[in-house]
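What follows is one structure encoded as structure tokens, with my remarks underneath.
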Amino acid sequence: MRLHVLGNVTEDILFRVPRLPLPGETLIANRRDRDIGGKGLNQALIAARCGLTVSLSCPVGEDTVSADLIRQLADEPLQANLVLIPECSTDQSIISVSEDGENHIVSSTQAADSLTPDNAIAALQDIETGDILLVQGNLSYPTTSAAIKHVHAREGKVIVNPSPIRWDYSPLLPFIDVLVLNVHEGQVLSGQRHPSDAASYLLAAGAGEVVMTLGAAGAQWWRDGEHAEVPSAPTQVVDTAGAGDTFCSTYIAARARNATAAKALAVAANAAAITVSRHGTWSAFPSKEELARLFENSRECEPQ
């Protein structure tokens with residue numbers, strides 16, 4: 001089984017601020033950092049560190065970011081297919097992180113929007129029955145839709161983390177096996193305020209399973225007639241950027257190791273707790289060794 005991640009890469013510029021700014025307010029940052037990120041890259045990286053066989057296909061611009069990325073990926077256990085977008089810069093995220101760990105993110109999508117449906121199909125030509133596609137919300141609707149329907153037709157498994165929400169997912173829900181999202185995204189996609197009502201709506205609309213993170217309230221899982229939930233893992237929150245990506249990919253890896261939904265939620269929550277306890281994006285993610293220990297401590301997570 002191979003996990004195919006189709007998503008974005010960004011250059012992350014992080015500003016450490018005393019608190020998140022109010023509308024119209026200018027704040028002086030305590031510190032500025034640069035990192036490589038993007039939800040596609042983040043999720044592929046974590047999944048590979050969890051031991052899955054991972055292929056990442058992502059658009060990059062004609063700049064030094066792609067060269068930096070190639071260097072950083074040299075020691076990572078994943079296969080990367082960088083799609084060069086001519087006359088375009090790699091996308092960038094400006095991230096403000098407050099002293100209590102909350103963040104505010106603004107991202108560009110020029111490179112991500114330039115990835116075409118044909119690019120996506122070409123990247124997924126070798127997908128086999130039982131393989132998994134993981135996509136997020138950074139790519140365009142036509143490209144995301146083409147990828148999802150291509151994999152569905154080949155009897156692969158489709159997992160979607162619809163972040164950021166840029167368009168209506170309703171037409172795609174019947175093709176989605178697992179929907180991984182946070183409580184706010186659940187409200188936006190369903191129009192329902194309560195998590196269980198949102199999950200019921202999304203399941204009725206066609207999604208096979210719904211996994212929802214609830215911040216300090218933990219995480220929950222729903223499938224037709226089934227439900228599981230876990231509390232959040234205790235930790236000192238430093239920076240919440242990347243926590244959702246860590247959770248998503250660790251959950252996928254745990255399920256691929258035959259874990260129950262409840263056990264997979266717990267392992268993913270513990271992995272996310274590591275990320276939020278550190279500054280940065282790539283630099284904050286759990287190492288292969290840390291993730292291996294999480295799986296070793298979970299008897300229900302046995303490799304296939």
Principal axis extents for the range 230-304, Cα atoms only, whole Å, descending order, please. 33, 24, 18
For the chain, what is the largest minus smallest coordinate of the Cα atoms on each principal axis, given in angstrom and ordered from greatest to least? 51, 43, 40
For the range 1-59, radius of gyration divided by Kirkwood radius, i.e. Rg to Rh on alpha-carbons: 1.19
Ranked from highest to lowest mean number of other Cβ atoms within 10 Å per residue, what is the order of the peptides 5-11, 270-276, 98-104, 20-26? 5-11, 270-276, 98-104, 20-26
Order these by the 10 Å Cβ neighbour count, fewest first: MET212, MET1. MET1, MET212
Estimated FRET transfer efficiency when R0 is 30 angstrom, pair ASP68-ASP100 (beta carbons, to 0.05): 0.50
Give me the percent of DSSP beta bridges within the chain that run antiparallel, rounded to the nearest 5. 40 percent
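If the only charges are +1 at each Lys and Arg Cβ and -1 at each Asp and Glu Cβ, what is the size of the charge dipole of the range 1-124 around the Cα centre, to the nearest 20 debye?
Once rounded to the nearest 20, the dipole reads 320 debye.
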Histogram of C-alpha separations across the range 179-282, 10 Å bin width, %: 17, 48, 30, 5
If you average the C-alpha positions of the range 104-159 and of the range 180-251 separately, how far apart do those two centres end up, in angstrom? 21 Å
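Quick check: residue separation of ASP118 and LEU214 times 0.36 nm, minus the Cα distance between them. What number comes out in nm?
My answer for the length gained is 31.0 nm.
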Total charge dipole magnitude, the chain, about the Cα centre, Cβ charges on Lys, Arg, Asp, Glu only, Debye to nearest 20: 420 debye
Cβ crowding within 10 Å averaged over residues, with 192-201, 69-78 ranked highest first: 192-201, 69-78
Using helices alone, what [θ] at 222 nm do you get for the chain, with -39,500 (n - 2.57) per DSSP H run of 4 or more residues, divided over all residues and rounded to the nearest 500? -10000 deg cm²/dmol
Relative to 2.2 N^0.38 Å, what does the C-alpha radius of gyration of the range 139-180 come to as a ratio? Two decimals please. 1.05
Neighbour-count ranking [beta-carbon atoms within 10 angstrom, fewest first] of TRP221, TRP167, TRP282: TRP167, TRP282, TRP221
Of all the Cα-Cα pairs you can form in the range 107-190, what percent are over 17 Å apart? 44 percent
The range 65-119: translational diffusion in µm²/s, Stokes-Einstein, Kirkwood Rh over Cα pairs, 20 °C, 1.002 mPa s: 157 µm²/s
Normalised radius of gyration for the range 97-251, please: alpha carbon Rg relative to 2.2 N^0.38 Å, two decimal places. 1.07
Hey, if you put +1 on the Cβ of every Lys and Arg and -1 on every Asp and Glu Cβ in the chain, which of GLN79, SER283, ASN297 ends up farthest toward the positive end of that dipole? ASN297
Place a point 7 Å from Cα of ALA204 in the direction of its Cβ. Which residues in the range 221-246 have their backbone N less than 19 Å from it? 221-227
Neighbour-count ranking for HIS227, HIS279 (other C-beta within 10 angstrom, fewest to most) reads HIS227, HIS279
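Readers should treat all values here as calculations from the given coordinates under stated rules, not as data from a laboratory. A quick note: this is a predicted structure, and the numbers were derived from the prediction, not measured. Cβ coordinates were reconstructed from backbone atoms using ideal geometry, including for glycine residues, and neighbour counts include every protein chain displayed.
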